[in-house]
Every structure is written in structure tokens, then in C-alpha cells.
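Structure, as C-alpha cells:
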Amino acid sequence: MAKVQNESGSKSQDAAARLSPEDPADPIRIVDLARELGLSIATVSRVLNNSRAVRPDVAERVRAHAAERGYVANRLARSLRSRKQSFVGFLVPAIENLAYSIAADACAQHVSRSGHQMILAISGDDPALEFQALQSLAEAQVGAIVVAPSPQMSPASHRLLANMSVLEFNRTAGLSDNTVLCDDRAAFVDATSHLLDLGHESIAYIGTTESVSNGRERLEGVREEMKRRGKQLPERHIRLLPPTERDGYQAGCELLALSDRPTALLVGSSNLSMGVARAVRQSDVSVPGDMSLIVYGDSQWGELYSPALTTVKVPYREMGLSVASSVASILSPDDDAASEVIRMPAELLIRESTAPPAETPRRT
């Protein structure tokens, strides 16, 4: 113990003066950690490479300090420095979600034509998995990272991203001034207005949780338009859920079984929409005779449904291309383009699943 105190204590003032790097954008290196801790580079390197040749108390001190300083291993730096291409990270909650699969495909194709390579990572909306994925992307020395943040992103992830070039996609958590989003609020104002114009006063909404930025904006759009028209969205007609087809199916079954079943249903997620459509198909509810239905996302599958579904069509591919263009600007050393918030408009495709409410009484 005395040896550790002598080694670190003699340099404590010098270490304190160097706790912050001269350039906050520079990655933290082993040499920085060693200097700040007053230890040798070899000792710090052994700890970070999981060697057992270092005393446990010293190893714990090194790991704690490395985590606090946001250090990530530079395992690929040497090989990447010899390459002309840059790597782009694309971190999404789930690849089966159309918003992310279509956009990621468009982005990957575009960046590859620009001489870059995209690395796809999946968080599952789990903050711990999200941090691990971000660490891996940082270790790969990506030139930029596109991220759809989880609802409860950890402080450690925020700190890690603070030293990276970040573009937020489809969701935002205040991580960057560069964002590519769908104008969800305006889209759901239009969808709600369409139902009210048809004469619907009993409207239900199934969407993603308000802890996610786009889920919050979609619900706000519905409430905003109903309030403007002197109506109210009853809490008993609202279901806010994780964006999975299973959750959409269960929520759809619940609303269809209500004694005061709404005359119209608006869905605010592509995966939830598929689950709701399945619940409606398996029920004895006629669309649009008993209930009008508006779904969200890509329009192609809704066109195949019978009756064809009125859809809030989201420009996923165009959003992906916009992401790729913004990333190219970030990676270009000669590009001085300012940060930009891009909100792309959605389109309400009116098909056969919406009509005026039936005049006959609802079932009890």
C-alpha cells in the first residue's frame, strides 16, 4: 500500500492539473490515464488488458478512473489509420422495425458509394446493451455515429457520445445539433383532422411511450388537433406501448372489446400497426363499417390489406439518404456545413379503411 501511495502521491498535483485534456474532442489515451494516476504506462496497459499481474486495489483504481474519463480501447486504431475509408456507426433499437431497416439499407448503400463503410449495431432499447454497442463503435474508431437513442439512455452513454460526431435519427435525446426526423406532430394533426372531418368523435390511439421523443410528438399531434376542434381524447382510449407487433395486437384486442368501442382507431407505430391490423382481422369488427382505421409507416403492406388501409406514409428511404448526406458532410474535412435539424414531412394516404361513422348504435 505504501508503494502505491508513494508512486501516485508524489505526482498528485501534476495529475490534478491534467485531468482534462487540452482538446476535449481528443480521445483519452492510456498515456493520459497513466499520467493522471501517477502510474506507469505499462501498469495501466496491463490493467486495461485484463492482466492479473497488477494488484487488485491498483487495478480497481485504474478501471474506475478509465470509466470516469470515458476511455475506450483503441484496438483498431493502427489498422484503421492505414485505410483510406472511414467507418460510420448506425445504432438502432431493432432492425425488424421498418423505420430502421429501410433507412439503414439506404444509408449503407449511399455511404459505401462514397468510399465509407457502415457498421450496424442494435440496442434493443436496453441502456446497458446500448452502452456496450457504443463502446464497440468507439473502439472501431468510427468517424461518425448515427443513433436512435433509447428512452433511458445512460449517463455513461451520454458521456461517451460527447466526444464523438453524432447524428440523431428518428428519435432525439439532445445528443447533437444534427438530426434527421419525421415531422410526426404535423402528420398526426393531419390524420386526426381527417377522422374528425368524417364525423368521428370517439377516437382511440395506440402508440409508443411518451418517453421516446417521436412517440410523444405523435400523441401531442392527436391531442392538439382534437383540442383545436373542441374534442378530447379519453384516457381510456389511449394505449402507449413498446413498438412491437405483439403489443399492438394485444392493445388492439383490448380496444375492440370495449363496451364503448371507439368509431375510429389511429395507430402511431409501424410495428404496432401490423399487430393492430391482425387483431382487427381476427375480430368481428368491420372496417370501415364498424370502425375506421389509420395505420403508420411504410404504405406497401397496407395497400395489400382488404380494405386497403389509410396510412401515415413515412419517407424512410429519403430519411436514410438524408442521414447519409449529413454523415458525408461530417466526414468531409473540407466541408464547413452548419449543423442542421431536418424534419421530413409524412404523407396521409387516404384509402378504403376510413369512412364516416355508421349511424347504427355501437354494440353493448
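Numbers below:
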quantity: Hey, G302 in a helix (DSSP H, G or I), open to solvent by less than 10 Å² (accessible area, probe 1.4 Å) and in contact with a Leu (Cβ under 7 Å, 6 or more places away or on another chain) or not; calculated: yes
quantity: Search result, residues across the range 277-299 that are open to solvent by less than 30 Å² (accessible area, probe 1.4 Å) and of a type in the set (S, T, N, Q); calculated: S292, S299
quantity: Total residues in the range 91-117, condition polar (S, T, N, Q), open to solvent by less than 40 Å² (accessible area, probe 1.4 Å) and free of Cβ contacts under 8 Å to residues at least 40 places away in the same chain; calculated: 1
quantity: Positions within the range 233-276 being among the polar types (S, T, N, Q) and more than 22 Å from the chain's Cα centre (by Cα), in sequence order; calculated: Q250, S259, T263
quantity: Pair list, Cβ under 6 Å, 6 or more apart: the range 141-155 residue touching a residue at least 60 places away in the same chain (Cβ under 8 Å) and over 19 Å from N178 (Cβ atoms), other residue surrounded by fewer than 24 Cβ atoms within 10 Å (Cβ to Cβ) and of a type outside the set (G, A, S); calculated: Q141/L76; Q141/L80
quantity: Residue among V54, V72 that is of a type in the set (A, V, I, L, M, F, W, C), part of a loop (DSSP other than H, G, I, E, B), within 30 Å of the chain's Cα centre (by Cα) and modelled with pLDDT of 50 or more; calculated: V72
quantity: Residues of the range 118-135 classified as open to solvent by less than 30 Å² (accessible area, probe 1.4 Å) and without any contact (Cβ under 8 Å) to a residue 12 or more places away in the chain, total; calculated: 0
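The values are calculated or read from the model by the stated rules, or taken from the named source; none is laboratory data. These numbers come from a predicted model, not from an experiment. No Cβ is skipped: glycine too gets one built from the backbone with ideal geometry, and neighbour counts run over all protein chains shown. Remember, those area values only see protein heavy atoms, side chains included, never the ligands or the DNA or RNA. Shrake-Rupley method; radii C 1.70, N 1.55, O 1.52, S 1.80 Å.
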